[in-house]
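What follows is a short report on a single structure.
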Amino acid sequence: MGGSERKLNLNAFLAASGHHEASWRHADTSPECGVDIHHYVKLTQIAEKGLLDSVFLADGYWAHSGSLEPFTLLSALAASTRHIGLIATVETTYNEPFHVARKFASLDHISKGRAGWNIVTGAGPAAEQFSRVQHPKHHERYESAEEFVEVVKRLWDSWEDDAVRNDKINGILIDQAKVHTIDFTGKHHAVQGPLNIARPPQGHPVLVQAGSSETGKDFAAKLAEVIFTAQLTFEEAQAFYADVKARLAKYGRTADQLKVLPGLSPILADTEAEAREMEEELFQLIDHEGATKRLSIRLGIDLSNHGLDDRVTADGALLTDQVSGMKSRHQLILDLIEREKPTLRELINRLAGARGHFTFTGTPLQLADEIERWFHGGAADGFNLMPQIYPSGLERFVYKVIPELQSRGLFRTSYEEQTLRGKLGLMRPENARISNDSNDFNYSKKEVYL
Amino acid sequence: MGEANRKVHLNVFLRATGHHAGAWRHEDAHPELELDIDYLGQLARIAERGKLDSIFLADGYAGGGSKLEPFTLLSALASVTEHIGLIATVGTVYNDPFHVARQFASLDHISGGRAGWNIVTGAGSAAHNFSRDEHPEHAERYETGEEFVEVVKQLWDSWEDDALIFDKKAGKLVDSSKVHEINFKGHTYVVKGPLNIPRPPQGYPVLVQAGSSEQGKELAAKTAEVIFTAQQTFDAGREFYSDVKGRLAKYGRSADELVILPGLAPIVADTEAEARELEEELHSFVDTKRALDGLSERFTVNLNDYALDAPVPLDKAKPAEEFNGIRSRQEVILDAARREGFTIRQLLYRSNGGHGHITFTGSVLQTADLIEKWFLNHAADGFNVLPQLFPTGLEIFVDKVIPELQNRGLFRTEYEGATLRESLGLRRPANTRHLQQSI
């Protein structure tokens, strides 16, 4: 893509009442919306009005206040929207490649090519929910994840694009010569295939990655097409952007084959003063005691006797090498303490907005300036939007910031592409199997014809 | 429920083109829309127009066909319908109870209490797609399946119904004393819980069971709320009905807590002659040799070696006990062939049309008569309807057979309840965890 036509890619990170940890207590939100499909339909329709590339959801197996399961949720959203991409987070440690390949293929068919997969290796220990003895280590998870993704891609490719014939006259429903076993035998998975659904409309749903550790960055450079990342400053984001893009060549890929989308968590109002007021209001709603407990656990230092207005140091905190999950986020917090020397209250408030993502409080024009600076300054290809309050924060972005970005020529003014790949300017992958028809499997005819 | 206000329950077994093996070649069929959600949504809305209780989908993890995956499909259908129940088949052998509990809870929340789970152990080996060496034996599958369902129910109950309190002032979103670990340790599964989603609107999605072997019947009597079954004759249907209903008391359950729905694969037209003509047309689309290959696999006898009008070589068929697939279906087919002295052609036609379910070709009135006869004589509480051709077979059923049943006072004229449980006249289960604690 030429520099002059380069456009922002924008994703909305959906959540119940907002990304601020106290948003559910704010007067503008309905905390009852957590498992209410109508809430998510409404948010997605607003995002679609704003011509955003996609919506996305995080996932995990912990209880908290409960959440809908991503595939069921995104399929319901697919049926209620026409254009917007739908990105599900699915982890590779406690899932089966066959099920995951199949559900994404199904979502991609249902949405007519709008599915994306945010690949995570399992953000929190969940071994105890899945009859396993222990949560695998960071390195092992990435290794197994890579194999998992490889199996999934081969399953998607197990059907050639023109395998389904629907030839009523000659009685040929499926051309069996174009449906292949994959006969995969790896260290962690052994899968014969083929998949039981035709190749997804996009070839492969868009592959997204969100870990920013060293291993995560390499993983992204090797196989991701979008990367969500948490960057607290413009300079750090620039360094990250350059680092990740530079790794692509090693894998024979070009810079435009991976879109870097840092998190951006805005609080917007017509004037800066109003925005600050709203920010302050949210700070007031934070449960500082609970947040202190969580931060103590995270850092591995007891902060319970620490005054809210005393400065925090990272002395005695766990080193990044000592934590098993969310390594990059851990380092980000240590760096923040080192750089800004915050009080405990400031640190808690700083992380409350979006758990370590870049937060912004100001007017739509100020935000458009900031977005433009990052986009043109080699810090981002776009953003993963994390409004601190839903739905009003998203509405403000869509109705106030988007038109400004459009008038600056930075963002699309209509949807021109049906698929999520098309919107992101990504190529549809060739079927890696087409040239290799040596291992056909002789299906029971009955199964094909019934 | 009293006999007087007992009503027929109807489920449609959804397929894109039809249950007849040749349906996809018929001019009314749309094989090219197999994965098209707009078309499938249209079918679901036709069924909803007919006030049917539910739609249902079969499933499997191996084989060469191309179909949408049940949770994604039913969730999308939930968005384009308002009343109809949505029953997904999910096998226990190659799944994990936490994922399954969660996906059904999610579908139940998304649909406002319309989810149902057709529990199968996993017919047909899919071991090779899941890093396993072999498909477990029939008995072991049932044992593991029972434990699986127990874990899933405990996970659904891990949130008390009133665990979410949303108290903005006090800063309390969840009453964590009402969200419990389950700490399940069984033979196969070890699951700590709690689930990561609040209790489903229905308490539990409706539990459906489709196996009709001895073990299957016992399991159904113990845990199922709907049973899909393949019964070839009215007499066999009555026998099965009283057998299964008779087993309920042993588990402290009453007869109306289990809804028995035999499969019925109809070809309906305004007149019997037209229906017969359509049936002939559908048979003409099936490649006889291929279809016999399929049946031969099931019977372990090469039927292509015999004349089409010769009797089925029953003495050569493998007995059901040695069969490690859908054992009850094997019995049903053998039984029918034995009892009715089927020729190979008759067996083939029966198999083409309803893959072992009762097939029926006739007029609108004859179809209504059949349903009424089975229903009033306690051979069925309703039917799992398998139209042999979609969409036209579903349309004629909804637009002609349903009104006839309504005229006879046998079927609802409006949806009365909001949930699938309410449509089926089933109670919402109490939270067992809550009961334990209050003791």
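The values are calculated or read from the model by the stated rules, or taken from the named source; none is laboratory data. Keep in mind that what you see is a predicted model, and the values were worked out from it rather than measured. Positions of Cβ are generated from backbone atoms using ideal geometry, with glycine treated the same way; all protein chains shown enter the neighbour counts.
Observations
- Residues in region B:74-107 that are among the aliphatic types (A, V, I, L, M) and within 7 Å of another protein chain (Cβ to nearest Cβ): B:A76, B:A78, B:V80, B:L107.
- Scanning region A:184-211 for residues that are crowded, with 24+ Cβ neighbours inside 10 Å and among the polar types (S, T, N, Q) turns up A:N196, A:Q202, A:Q209.
- The condition of being within 18 Å of A:N431 (Cα to Cα) and buried (at least 23 other Cβ atoms within 10 Å of the Cβ) does not hold for A:L107.
- Looking only at residues in region A:74-88 that are in contact with a strand residue (DSSP E or B) (Cβ under 7 Å, 6 or more places away or on another chain) and free of Cβ contacts under 8 Å to residues at least 60 places away in the same chain, the one that is surrounded by the most Cβ atoms within 10 Å (Cβ to Cβ) is A:L74.
- Picking from residues in region B:1-23 that are of a type in the set (G, A, S) and within 14 Å of B:H378 (Cα to Cα), the one that is modelled with the highest pLDDT is B:A4.
- Top-ranked residue in region A:105-122 [being within 11 Å of another protein chain (Cβ to nearest Cβ) and not polar (S, T, N, Q); ranked as nearest to A:F184 (Cα to Cα)]: A:A105
- When A:L195, A:L264, A:L207 are screened for being under 30 Å from A:A177 (Cβ atoms), outside any helix (DSSP H, G or I) and more than 14 Å from chain B (Cβ to nearest Cβ), only A:L207 passes.
- Residues of region A:210-255 that turn out to be part of a loop (DSSP other than H, G, I, E, B), polar (S, T, N, Q) and in contact with a strand residue (DSSP E or B) (Cβ under 9 Å, 6 or more places away or on another chain), as a count: 3
- A:V312, sole failed condition from (1) touching a residue at least 24 places away in the same chain (Cβ under 8 Å); (2) more than 25 Å from the chain's Cα centre (by Cα); (3) surrounded by fewer than 20 Cβ atoms within 10 Å (Cβ to Cβ): (3)
- Checklist (1) at the interface with chain B (Cβ under 10 Å from one of its Cβ atoms); (2) part of a helix (DSSP H, G or I) applied to A:S67, failing item: (2)
- Considering region B:118-134, the residues that are farther than 15 Å from B:D53 by Cβ and assigned to a strand (DSSP E or B) include one that is modelled with the lowest pLDDT, namely B:V120.
- Where a residue in region A:268-280 is surrounded by fewer than 18 Cβ atoms within 10 Å (Cβ to Cβ) and its partner, wherever it lies, is among the hydrophobic types (A, V, I, L, M, F, W, C) and not in a helix (DSSP H, G or I), with Cβ under 8 Å and at least six apart: A:E277/A:A269
- Where a residue in region B:183-204 is more than 7 Å from chain A (Cβ to nearest Cβ) and farther than 12 Å from B:L155 by Cβ and its partner, wherever it lies, is assigned to a loop (DSSP other than H, G, I, E, B) and of a type in the set (S, T, Y), with Cβ under 7 Å and at least six apart: B:P201/B:T419; B:Q202/B:T419
- Within region A:123-140, the presence of a residue that is closer than 26 Å to A:D53 by Cα, of a type in the set (F, W, Y) and either within 11 Å of chain B (Cβ to nearest Cβ) or surrounded by 18 or more Cβ atoms within 10 Å (Cβ to Cβ) (or both) is excluded.
- Residue in region A:349-366 that is modelled with pLDDT of 90 or more, among the aliphatic types (A, V, I, L, M), assigned to a helix (DSSP H, G or I) and closer than 30 Å to A:Q406 by Cα present: yes
Every residue, every condition in (1) over 20 Å from B:N95 (Cβ atoms); (2) of a type in the set (D, E, K, R); (3) more than 8 Å from chain B (Cβ to nearest Cβ), yes or no:
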| position | (1), (2), (3) |
| --- | --- |
| A:G60 | no, no, no |
| A:A78 | yes, no, no |
| A:H83 | yes, no, yes |
| A:E91 | no, yes, yes |
| A:K103 | no, yes, no |
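- Subset tally (residues that are surrounded by fewer than 20 Cβ atoms within 10 Å (Cβ to Cβ), over 21 Å from the mean Cα position of the chain (by Cα) and part of a helix (DSSP H, G or I)) for region A:389-424: 7
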